[in-house]
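S.K.: Let me begin by handing over the structure; questions about it come next.
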Amino acid sequence: MGASKGNRLTWPQIRTSNEFRGRWVALDHARYDSRTAQPVEGVVVDADEDLVELCSRIQASENKHCAILFCEEAPEVEPVSPRMPTPFPPRSYTTH
């Protein structure tokens with residue numbers, strides 16, 4: 001069940017779709033989160049691994065006002081990675 005162009009999709013759906021991962025995606029009617037300015041959803045009108053090719057096709061099409069975003073893999077949410085050092089060592093409190 002791949003996401004197809006022309007459908008309104010949420011950005012998380014787009015990011016987790018094998019069809020768009022690692023490609024530039026042209027979104028029309030994009031809606032953004034007002035706090036983070038991150039895309040929330042939109043209609044995928046085109047996608048390509050080559051940004052120049054995608055922009056050329058968009059300019060030649062009727063979809064002149066698209067948002068073009070890179071679809072990287074959605075980050076895996078991990079609690080706290082044991083590999084990452086903590087910025088400050090934990091303090092030991094002693095009472096005398």
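Nothing in this text is a laboratory measurement; each read-out follows from the coordinates by a stated rule. All of these numbers come straight from a predicted model, not from anything done at the bench.
S.K.: Scan around I68 for amide H atoms under 5 Å from its own, H built in the peptide plane at 1.01 Å from N, and keep only partners 5 or more places away or cross-chain.
M.R.: Residues meeting the amide H criterion: L27.
S.K.: Through the Karplus equation 6.51 cos²θ - 1.76 cosθ + 1.60, θ set to phi - 60°, convert the phi angles of region 33-46 into ³J(HN,Hα) values in whole Hz; use x for Gly and Pro.
M.R.: Once θ is set to phi - 60°, the couplings for region 33-46 become 6, 5, 7, 9, 6, 8, x, 9, 6, x, 9, 6, 9, 6 Hz.
S.K.: List the residues, sorted by chain then number, that are 5 or more residues from Y32 or on another chain and whose placed amide H is less than 5 Å from its amide H.
M.R.: Under 5 Å from the amide H of Y32: V40.
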